[in-house]
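Inspection log for the structure reproduced underneath, given as C-alpha cells.
The values are calculated or read from the model by the stated rules, or taken from the named source; none is laboratory data. This one's a predicted model, so the numbers in the text were calculated from it and none came from an experiment. Every residue, glycine among them, receives a Cβ derived from its backbone with ideal geometry; neighbour counts consider all protein chains shown.
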Amino acid sequence: MSNSATIGYQPATEFHPIIINSFKAYDIRGELGVNLDEDIAYRIGRAFAQILFQRYHAAVETHNNDTSDTATLQPAIVIGSDIRDSSEQLKQATIKGMLDAGVDVIDLGMTGTEEVYFATSHSQALGGIEVTASHNPINCNGLKLVKEHSKPISGDDGLAEIQALAESGQFTTNKSSGKLQLLTDKSAYIDHIMTFVDIDKLKPLKLVINSGNGSAGPVVDLLVDRLVKSGAPIEVIKLHHTPDGSFPNGIPNPMILANRAATQQAVIEHKADLGIAFDGDFDRCFLFDETGAFIDGSYVVGMLAQAFLNKYPNESIVYDPRVIYNTEAVIDEHNGNAVISKSGHSFIKQVMRESGAVYGGEMSAHHYFRDFFYCDSGMIPWLLTIELLSVTGKTLSELVSGYIEAYPSSGELNFHLTTHDAPTIIRAIEERFSTQHPSKSTLDGLSLNFGEWRFNLRASNTEPLIRLNIESRGDELLLATKTQDIQQWLAKQGAVPA
C-alpha cells in the first residue's frame, strides 16, 4: 500500500461552484482543456467516491453486519486508464479525489474498460472507473463509471447526483485519506476470459489481430500466450500492436471505413482465416472474414446468438431494435427467447439482468455476457468465433453469408441536422408513412415495419447525429430503393450525411 502523497496532482484548496458539461447519458466525455481537465477529474472522482461510500455505510448500518449484498462489499474503488497521452494525468487527479474522500483505491494501471468491469466484480469493490475516450478524437477524453457488481451508472441512476456534487464542490471532510494500491497483475482477468473457449476444440487457424495502437495489445499477448501454451494450433499476425497514445495509425475506430483497410489487406496478404480489430479501450470487437470483408455487427449478433443457443437451449437473447430481422429469425429457429431492449449499454445490461439472458448484442459491436457480470467484452467475441470456426469447419463468410442474403441491411447511416431537431424529423417521417399503416415501435426512436422491409430512425445518445438503419427480407433491390428514398427525404429536412 502507498498513500496519497505519491499522487502528483494537487487540488485547489477551495471549491467554488462550476458547471461541468462533460456529463453525457451514460458516461463523461469532454474536450481536453475545454470541459475536461485534471481539476474536473478530481471533482468527479471525489464526488463519485463520496456518494458510493455514503451508500455503503448506510447499508452497513442498516444491516448490522449481516450478509447483505452491499454490506459485504470491499470499501474500495478500482480504476484504470487507456493509453491516451492525457489519460494517466486525468487518472491521477481522479485517484486523488477518491483518496481525499476517504476511500481506498486500487489502481489497475493501463487497462481496457472490460478490465475495470472485471476487477470491480472480482474484488467486490464499491465501483470502478475507466479513464478513456475510446474511439473519440485525440483531443478528447472521458470517464466510464460503474457501481457495485459492475452495474452501470446512468443519468437517472446516480450520474446526475455525482454531477451535482462535483459542480457544487460541497464535499465532506475526512480525518484521513484513503489508501492506494497498485494492482497490475491481469492473471485473474485472463483466467476468467479463457473460460469462454474450449481449447481442445480449436483447429489450426491463422488470425490477424489489429489492436489499433490502443490498450488491447498487452491483453492480446496474454491471451495468445495462454492459448499457445495450452496447445491451441493458432498463428497470430499482430498489427498496430504496440500501445501508443499518439495513435500513429489513426484513432482506433474500425467503424470508419478508412481504418479497415490495414486489417483487410493483412488478412488477404497472410491468407488468414479471420481478422479482428478493436477500438481504443477494446470494449468493442470487429470481425473480418477470410476474404478481408468487414462483417456488419448485426450479423455477428446473430452468429453469437446461434452459438450460445446451441450450448444453452431455450435461453434468452437480448438485442437492440435498430436491425432485427436476422437476429429474431436465428433466435426463433434455435428455440431461444427473444428479448428486445433499447440501445445503449445501461439499457441492455438492465434488461439482461431482468431476463437472465445468457448473451446480448448490439449492431454497434458491443457484446454482453451473463458470465461476464452482464458486461460487454471485446475479447470474448473473437475467442467464441475461433471456437465456432473450429467446431463447424466453416469459414466466417460461410457462417454469415446466409444471414446477409436472407436479411440485407443498409448498415448504420448517420446524418448531421442543420434545420430541424431529431424529434421534429421523427414525427415528420412517421406522418409521411402513416397512410401505409406499418407496425410501429417507439422503444428507441421510431421503428416502422412494413412486412417486407423496415427502418429505425433514432437520435444518437452520445453525438449530435440522427441514425438510420434499413433492412429487408431478402430483397436487395427493395432495400436500395427504400434507402435512397429515405435519404433523399432526409436531405430535404436538412439532414446532411455525416
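Taking the conditions (1) outside any strand (DSSP E or B); (2) within 18 Å of A365 (Cα to Cα); (3) modelled with pLDDT of 95 or more; (4) not hydroxyl-bearing (S, T, Y) in turn, N461 satisfies each one other than (3). Of the residues S390, S298, S346, the single one that is farther than 22 Å from G474 by Cα and either part of a loop (DSSP other than H, G, I, E, B) or touching a Lys or Arg at 6+ places or on another chain (Cβ under 8 Å) (or both) is S390.
Looking at the structure I just gave you, is S346 at pLDDT 95 or above and either of a type in the set (S, T, N, Q) or not assigned by TED's automatic domain parsing to the domain that holds S121 (or both)?
Details: at pLDDT 95 or above: no; either of a type in the set (S, T, N, Q) or not assigned by TED's automatic domain parsing to the domain that holds S121 (or both): yes.
It is false that S346 is at pLDDT 95 or above and either of a type in the set (S, T, N, Q) or not assigned by TED's automatic domain parsing to the domain that holds S121 (or both).
Checking each residue in region 188-200 for being closer than 23 Å to K144 by Cβ and either in a helix (DSSP H, G or I) or aliphatic (A, V, I, L, M) (or both) picks out A188, Y189, I190, H192, I193.
When A41 is tested against (1) within 19 Å of L159 (Cα to Cα); (2) at pLDDT 95 or above; (3) part of a loop (DSSP other than H, G, I, E, B); (4) not polar (S, T, N, Q), only condition (3) is not met. Restricting the first member to region 204-218 and to residues that are in contact (Cβ under 8 Å) with a residue 12 or more places away in the chain and of a type in the set (A, V, I, L, M), and the second to residues that are part of a loop (DSSP other than H, G, I, E, B) and buried (at least 24 other Cβ atoms within 10 Å of the Cβ), the beta-carbon pairs closer than 6 Å and six or more apart or on different chains are A216/F282.
Got a sec? Which of I209, I256, I237 is within 15 Å of E290 (Cα to Cα) and within 21 Å of the chain's Cα centre (by Cα)?
Working: I256 fails: within 15 Å of E290 (Cα to Cα); I237 fails: within 21 Å of the chain's Cα centre (by Cα).
Of the residues listed, the single one that is within 15 Å of E290 (Cα to Cα) and within 21 Å of the chain's Cα centre (by Cα) is I209.
Here G178 passes the criteria (1) assigned to a helix (DSSP H, G or I); (2) touching a residue at least 24 places away in the same chain (Cβ under 8 Å); (3) of a type outside the set (S, T, N, Q) except the one numbered (1). Got at least one residue in region 83-96 being over 17 Å from the mean Cα position of the chain (by Cα) and on the phi > 0 side of the Ramachandran plot? No: region 83-96 contains no residue that is over 17 Å from the mean Cα position of the chain (by Cα) and on the phi > 0 side of the Ramachandran plot.
Within region 427-437, can one find any residue that is in a loop (DSSP other than H, G, I, E, B) and surrounded by 14 or more Cβ atoms within 10 Å (Cβ to Cβ)?
Step one: filter region 427-437 for residues in a loop (DSSP other than H, G, I, E, B), giving 433, 437.
Next, from what is left, pick out any that are surrounded by 14 or more Cβ atoms within 10 Å (Cβ to Cβ): 433.
Yes; the residues of region 427-437 include at least one that is in a loop (DSSP other than H, G, I, E, B) and surrounded by 14 or more Cβ atoms within 10 Å (Cβ to Cβ).
Does region 230-239 include one or more residues that are out of contact with any Ser or Thr (no Cβ under 6 Å at 6 or more places or on another chain), of a type in the set (D, E), part of a strand (DSSP E or B) and surrounded by fewer than 19 Cβ atoms within 10 Å (Cβ to Cβ)? Yes: one or more hits. Restricted to region 114-125, and to residues there that are of a type in the set (A, V, I, L, M) and over 10 Å from H149 (Cβ atoms), the residue that is surrounded by the fewest Cβ atoms within 10 Å (Cβ to Cβ) is A119.
Among the residues examined, G451 does not qualify as outside the structural domain of I340 (by TED's automatic domain parsing), of a type outside the set (V, I, T), in contact (Cβ under 8 Å) with a residue 60 or more places away in the chain and surrounded by fewer than 14 Cβ atoms within 10 Å (Cβ to Cβ).
Within region 467-491, the residues that satisfy the criterion of being farther than 25 Å from T418 by Cβ, of a type in the set (A, V, I, L, M, F, W, C) and surrounded by 13 or more Cβ atoms within 10 Å (Cβ to Cβ) are L478, L479, A480. Look at region 373-396: where a residue is farther than 14 Å from K311 by Cβ and a partner is aromatic (F, W, Y) and in a helix (DSSP H, G or I), sitting 6+ places away or on another chain with Cβ atoms under 9 Å, you get F373/Y117; F373/F118; C375/Y117; C375/F118; D376/Y117; S377/Y117; S377/F118.
In this structure, is T263 closer than 30 Å to K440 by Cβ, of a type in the set (S, T, Y) and outside any loop (DSSP other than H, G, I, E, B)?
On the way: closer than 30 Å to K440 by Cβ: no; of a type in the set (S, T, Y): yes; outside any loop (DSSP other than H, G, I, E, B): yes.
When the stated conditions are applied, T263 does not pass them.
What pairs come out if I take residues in region 246-270 that are at pLDDT below 95 and pair them with residues that are among the hydroxyl-bearing types (S, T, Y) and crowded, with 19+ Cβ neighbours inside 10 Å whose C-beta lies under 7 Å away, six or more apart or interchain? Every condition considered, no pair remains. Scanning region 184-199 for residues that are loosely packed, with under 15 Cβ neighbours inside 10 Å and either hydrophobic (A, V, I, L, M, F, W, C) or free of Cβ contacts under 8 Å to residues at least 24 places away in the same chain (or both) turns up D185, S187, A188, D191.
Filtering region 294-345 to residues that are in contact (Cβ under 8 Å) with a residue 40 or more places away in the chain and at positive phi leaves only G344.
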